[in-house]
Structure formats: structure tokens, C-alpha cells
Amino acid sequence: LRIFSKEEMLDRFNVVRQASLDMVKPLLPEEFRMQVMGDASPAWWNLGHTTWISDRILHEIGARASRWLETYKQPLNSYYMGEKLARDQRGSVTWPSTLNVLDYRVCVDELVRKQIPTIPDAQWPEFSRYLELALQHEQQHQELFYTETKYLRFQNQPKYRQSYRDVPALLHSSGAPPSWFTIPGGLTEIGNAGDGFGWDIEYGIHQRYLEAFQISSRHVTVGEYLHFEEDGGYADESLWKSNGWKWIQSTHIQAPEYWECQYGTWKNWTLAGMRPLWCSEPVCHVSFYEADAYVRWLSRKGDEYAGVRLPTEFEWESASHCIGDSFAKANFLDSGLLHPRAATSEIVLAGEVWSWTTSHFEPYPRYEEYKGFLSEYNGKFMDNQRVLRGGSCVTERTSVSSSTRNFWPPTTRFQFSGIVLVRS
Ligand SMILES: [Fe+2]
């Protein structure tokens, strides 16, 4: 794993920490405190929690932590064992105030900046690795922030909903049909080989035997998904997994998150405001259950789509290797679009929207969780979650590679999650 020099790390630290402050600038004062669903945290908490984790890491590696570490443990600790404010209660407290949290950020930033040059060279690799973990953690929360803010601003009456930010115009395309790439079968290596950042869950390179398969050159589009919706896909029990059908029955969900039918016309809520549905864009904000029902519906259409299904996470990773580096051209957070781009004839596997896979989130064969307090970071979530691959238009580019494993419960829709097809 690459170890940053002290100068590089200082620069990176400043950039990532500033990005969190920049992203909250468009918020109204009320929005810093609002929590509109249990899974989404208010902005004050994201800003404070990422700071507390950095502070805790300073303490962990024997550097000087702030004097606020214990004081802020209860409100800003997350799932780490010990006393903590429940996740769904983060919108119910007024302490620490938003100003408290901003002051805390300044304090911890100063501590880190002052200490980086003083770390003895022998200890620098460990310090640097931990600091990179803290920054990668902050980048994960930045992605959450965009998805949470999109959800938050959708809650107001349609007429009073405010866009988060104007974005560069997105090109509308004719929505070229997908082409299919053949990925040869055989033994394939899965996992992070250590040449870029990775979480503990990616390590333990191991072999998987895959049958040959084909993968579609792009994500399923809004227009394609609309046919499923218009064909009564949400009302046909035979298309759904048992738990998915129960979920549809209890939630009365009829369309992807943020689709809204106004006067007979579908509209789509984006971070740049409400817009007509654009049929050539990737469909987005669907749950695993919706993705799964869609591919079952599509496979029944026969012809080219006979036997289509969602990929396993190993198929996705193998395809990503075979197709080459599609990450360089991918639409991640740095494009500034905050929305997936319309399909073109170019192959798009990474970026735009996370791709649901059928794989349950499980440890790799030689999985070793982090030592110490970070041991809880990922492993304890290996329970009833499905893996997503590839990153989205609100994922920071340095946070994702062909081995990155994201995971969410099968009903989650507020992430930028979509569908890619494979067939055997
Ligand atoms: Fe966190």
C-alpha cells in the first residue's frame, strides 16, 4: 500500500476536511439539525462524527488527541461499542450545537496539522495509514451527506422544494441499446492486491471459478425500467422475492425513490431540482428487491434478454478487470454533476450508480478485521446485506476501485443504486 509523504498527507488532509465544509455551505440553518429518517444523519452529526473518529485515531496511535474526545464520545460515536446516541436520535438533541461541532473541527484539524511534521519517520507509515483511514471514512460520510440531503429536500411540498445546487447541463442521449461483452470463464483472482486504498473486507486475494458470462455495456435506463413499471411489475407477485413482496405490500412502493407522478407525468427529483424523467439516464434509487424483480420481468421477455440476471460481486469484479480501467472516465463526485449521465455507446461499468449484485455481504476466505477499535468497522454488518459495486456520481474517486465492496440492506433506496445485467 502506498504511504503518503508528510507533505502529501498534509495536502490531502486539508482537501478532504475542506470538502466537508464546502458541501454544507448551501444548507439552511435548520437543515444542519434535521433527521428525516432513521438511516440518514443530520449534517451537524456527519461533521462532528468524522472529526471524533479522527480524534479517536490520534488517541489510538499514541498521538495527542483533543481534550474533547471523552466529552463528545456519546453524541459522536457511531456503532462503535460503548455509550452512544442512537442513530435515529441524532435529530433529537441540541447539544453539541452546530457551532460546537465547527469549533471541534478547527481544534482537531490544528492538532493533526501540528503533529504531522513531528511524527518520527519510523512511526510515520502507521500514522499515515490510520490518517488515510480517517480521511476515507470522512469521504464515505460525504457520499452519505449528498444522499441524505437529496432525501431531506424532497420532503417539502413540491412547490417549495429547493435544489441543492445547479449543476452543469447533462447531455440527453438517444439511449443506445446496450451491447454485450463476453467475459471468459475460469479461475479469477478476487480482492484488493494492495496497490491502492482498500478496506479490511477487500483483502485476502483469493480465487473464484466463474463460468463464462456476458455483461451489458451500461446500466439499465429509466426508459427501460419504466416499461416494467407500466407493465404492472410492482403488482405482479410472481416477480418478487418473498420478503421483497412483503416489503412492497407494506410500503405501497410503486416506482423508484424520487419518481413522482404530477398531473399524469412522471417527474424525477435530483440534487439540481425537479425534472422530467429522462429515459436515457441510468435508473437510480432502486432497492435490491426492485432490481431483482426487474431482471426477472425482463428475462421473461425472451430473445436477447432470456436468462438475464444480476451479477454476483465476483462477476462484476472480473468484468471490471477484463474490460480495463473504466474508472478513469467514470462519473464520480469530482464531475460535479451529482447525477448519473445518460447512456452512450461507451461502456460504463464504474461510476454513475452503484450496481446491485446478488452476493450477500460475507467475509472473504482469509478476512482479517482491523485490530483495535476499528475492528467493528465492517465485519459486524455481515448480516442480511447485499453487496454493491462500482461507485456512483456522488462517490469520491479516491474511495473506489474494482475491488471496493459497498453493502446495504435489500430495501435501501436512498443511495444512488442501479442495475447492470449479465447473462450466462
Ligand atoms: Fe462513520
Cβ pairs under 7 Å, 6+ apart, first in the stretch 224-245 and hydroxyl-bearing (S, T, Y), second surrounded by 16 or more Cβ atoms within 10 Å (Cβ to Cβ) and part of a helix (DSSP H, G or I):
Y225/Y294; Y234/I248
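Search the stretch 55-75 for residues being among the basic types (K, R) and either in contact with a helix residue (DSSP H, G or I) (Cβ under 8 Å, 6 or more places away or on another chain) or within 16 Å of the ligand (Cβ to nearest atom) (or both), and hand back the single one that is farthest from A86 (Cα to Cα). Lay out the reasoning, then the answer.
Let us first name the residues in the stretch 55-75 that are among the basic types (K, R), namely 56, 64, 67, 73.
Retained after the next criterion (residues that are either in contact with a helix residue (DSSP H, G or I) (Cβ under 8 Å, 6 or more places away or on another chain) or within 16 Å of the ligand (Cβ to nearest atom) (or both)): 56, 64, 73.
Working: R56: 19, R64: 28, K73: 12 Å.
Checked the stretch 55-75; the qualifying residue farthest from A86 (Cα to Cα) is R64.
Among the residues in the stretch 88-95, are any among the aromatic types (F, W, Y), within 16 Å of the ligand (Cβ to nearest atom), farther than 20 Å from Q18 by Cβ and surrounded by fewer than 15 Cβ atoms within 10 Å (Cβ to Cβ)? If you could, list the steps in order and put the result at the bottom.
From the stretch 88-95, those among the aromatic types (F, W, Y) are 95; that's our starting set.
Then keep just the ones that are within 16 Å of the ligand (Cβ to nearest atom); that gives none.
No, the stretch 88-95 has no match at all.
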Being out of contact with any His (no Cβ under 8 Å at 6 or more places or on another chain), surrounded by 12 or more Cβ atoms within 10 Å (Cβ to Cβ) and closer than 23 Å to G379 by Cβ, is that true of even one residue in the stretch 99-114?
no
Is it the case that some residue within the stretch 327-342 is without any contact (Cβ under 8 Å) to a residue 40 or more places away in the chain and under 30 Å from L277 (Cβ atoms)?
yes
Taking the criterion of being at pLDDT below 95 and either within 21 Å of the chain's Cα centre (by Cα) or outside any loop (DSSP other than H, G, I, E, B) (or both), would at least one residue in the stretch 61-69 satisfy it?
no
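Just checking, does the stretch 45-64 include any residue being of a type in the set (S, T, Y), surrounded by 18 or more Cβ atoms within 10 Å (Cβ to Cβ) and touching a His at 6+ places or on another chain (Cβ under 9 Å)?
Here is the first cut: in the stretch 45-64, the ones of a type in the set (S, T, Y) are 50-51, 54.
Narrowing the set further to residues that are surrounded by 18 or more Cβ atoms within 10 Å (Cβ to Cβ) leaves 50-51, 54.
Still in the running and touching a His at 6+ places or on another chain (Cβ under 9 Å): 50, 54.
Yes, the stretch 45-64 contains a residue that is of a type in the set (S, T, Y), surrounded by 18 or more Cβ atoms within 10 Å (Cβ to Cβ) and touching a His at 6+ places or on another chain (Cβ under 9 Å).
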Within the stretch 27-54, can you find the residues that are more than 13 Å from the ligand (Cβ to nearest atom) and either in a helix (DSSP H, G or I) or of a type in the set (K, R) (or both)?
P29, E30, E31, F32, R33, A43, W44
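To keep it simple, each residue is scored yes or no on (1) in contact with a strand residue (DSSP E or B) (Cβ under 6 Å, 6 or more places away or on another chain); (2) of a type in the set (S, T, Y).
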| position | (1), (2) |
| --- | --- |
| W259 | yes, no |
| Q262 | no, no |
| W269 | no, no |
| G273 | no, no |
| V283 | yes, no |
| F288 | yes, no |
| S299 | no, yes |
| E304 | no, no |
| W316 | yes, no |
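When residues of the stretch 308-326 are filtered for being surrounded by 13 or more Cβ atoms within 10 Å (Cβ to Cβ), among the small types (G, A, S) and assigned to a loop (DSSP other than H, G, I, E, B), how many remain?
Going residue by residue through the stretch 308-326, those that are surrounded by 13 or more Cβ atoms within 10 Å (Cβ to Cβ) are 308-323, 326.
Those still in the list that are among the small types (G, A, S) too: 318-320, 326.
Still in the list and also assigned to a loop (DSSP other than H, G, I, E, B): 326.
Counting residues in the stretch 308-326 that are surrounded by 13 or more Cβ atoms within 10 Å (Cβ to Cβ), among the small types (G, A, S) and assigned to a loop (DSSP other than H, G, I, E, B) gives 1.
The values are calculated or read from the model by the stated rules, or taken from the named source; none is laboratory data. These numbers were taken from a predicted model, which means no experiment stands behind them. So basically every Cβ, Gly included, is an ideal-geometry build from the backbone, and we count neighbours across all protein chains shown.
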